[in-house]
Every structure is written in C-alpha cells, then in structure tokens.
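What follows is a short report on a single structure.
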Amino acid sequence: MGLSVDWGSCNLGASKPEEVGLYIAWGETEAKKEYTYDNYKWGISAPNANPDKGMTKYNTKDGLQTLIPEDDAATVKLGKGWRMPTEDEVMELFDSDKCECEVTQMNGKQGFKVTSKKTGKSIFFPSGGYYTPSSDQLCGGTHYWTSSLTTDWLSYGRKYDMYGCGNDDRASGLNIR
C-alpha cells in the first residue's frame, strides 16, 4: 500500500480477506472460549480501578508500552517478520493524505476498506464484532488490536476501527490484522 509497513491480506486465523479469524485478548497469543478478568493472562483490573491493580506485565514497574514478540499473537502464530501494528502505523490508514476509508462489503460480509492514494491497493477489514469481559456475548462492530498500550490506564490496550484509534479493556477478545 506504500505505507511504512506491509499489511496482511486477511485477519489472523483467517484464510480469506472477508473471514473474521481469531479473537484474542491484548498481549495473549491464543483464542479462548470466554474473555474475562479472571482468565486474562497478565492479571485483572476492573474498569475505573487503579490502572496497575493486578497487572503483572505491561505495567508501570516494567515500563513496557508495546508488545514484545513472545506476547504478540501475529509473531507467535505467523513467525518472525510478522507482528501486530503499532498505533502510529494504524494511524497511517486514517491519514486522509495517504488513504481513503469506506464502509463496504466483500462477498456479503460487512466491513471497511482502506485504499492507498499512492498505489491504489486496498485492504478489507471485516466486521467481526468483539468480546468484552463484562459480557459473554459477541458485541457488534469492527475492532482490531494494535500492539500499543494506552498510557492513561494500563488496563487498556489501543484498538482501532474505521474511525481511528481508541482504548479497550486488555481482557477483551478482538481481531488482529
């Protein structure tokens, strides 16, 4: 696409661009049946609690702000050379000087498409929803993890959708591109 990084053609765990793939919590490398505070690998932290409460990694003590390879699901599943994008890399997709973003469908699946103004190449992000630790049901939307941790509340990772980046609970199950 002519950006600072090459993007995968489909989600982690998918074999086609319109397939949703795996749901994985931030900093974990495996999908699971439930996404709860109790089964989050790096600890628990209820919303609005002390941001480091129960966080055993990626906290103020270790100072880690970006996933290291052993905790990056893309690296673990796909091998060396693959990784989740940082927030800065994701923001290139939403830079109106570089790309155009539009809601669309691919083979009957709703999502959004980002097209490079430089190369004309595009990638499709299917709307697969996400799982929150406070609900055992799939919620709607199109949410993807970055490898970046929020600096405000360390119990939140940075996620993105077609409108840009925001925060989500690290224990939530989101898709990865």
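The values are calculated or read from the model by the stated rules, or taken from the named source; none is laboratory data. Just so we're clear, the structure is a prediction, and the values are computed from it rather than from any experiment. Please note: Cβ atoms are built from the backbone with ideal geometry, for glycine as well, and neighbour counts cover all protein chains shown. These accessible areas exclude ligands, DNA and RNA; they are computed on the full protein's heavy atoms, side chains included. Shrake-Rupley method; radii C 1.70, N 1.55, O 1.52, S 1.80 Å.
General remarks:
- For the chain, averaging the sequence separation of C-alpha pairs within contact (under 8 Å, six or more residues apart) and dividing by the residue count gives a relative contact order of 29 percent.
- Solvent-accessible area, 1.4 Å probe, carbon plus sulfur percent, for the chain: 47 percent
- Fluctuation leader among 103, 90, 20 - the chain, Gaussian network, Cα springs under 10 angstrom: 103
- With the simple spin-label model, which puts each label point 7 Å out from Cα in the Cβ direction, the residue 115 to residue 135 separation comes to 3.3 nm.
- Our helix-only sum for the chain, with -39,500 (n - 2.57) per DSSP H run of n ≥ 4 divided by its residues, gives a mean residue ellipticity at 222 nm of -2000 deg cm²/dmol.
- Entries of 41/113; 16/80; 32/121; 16/41; 32/159 with Cα pairs more than 26 Å apart: 41/113; 32/121; 16/41
- Options 1, 103, 27, ranked by Cα towards positive dipole end of the chain, top entry (Cβ charges): 1
- Rg/Rh, computed from the Cα trace of region 10-141 with Rh as the Kirkwood radius, has the value 0.99.
- Exposed loop positions in the chain were taken to be GluC sites (Glu not before Pro) whose DSSP state is not H, G, I, E or B and which have at most 13 other beta-carbon atoms within 10 angstrom. Between these positions, the longest stretch is 35-177.
- Of all DSSP beta bridges confined to region 90-177, the antiparallel ones make up roughly 95%.
- In a fully extended conformation the segment linking residue 70 and residue 19 would gain 15.8 nm over its present Cα-Cα distance, using 0.36 nm per residue.
- Solvent-accessible area per residue, Å², over region 47-168 with all protein chains present [probe radius 1.4 Å]: 53 Å²
- If you sort 83, 170, 158 by accessible surface, 1.4 Å probe, largest first, the order is 83, 158, 170.
- Placing +1 on the Cβ of every Lys and Arg and -1 on the Cβ of every Asp and Glu, with no other charges, gives region 1-113 a dipole of roughly 440 debye about its Cα centre.
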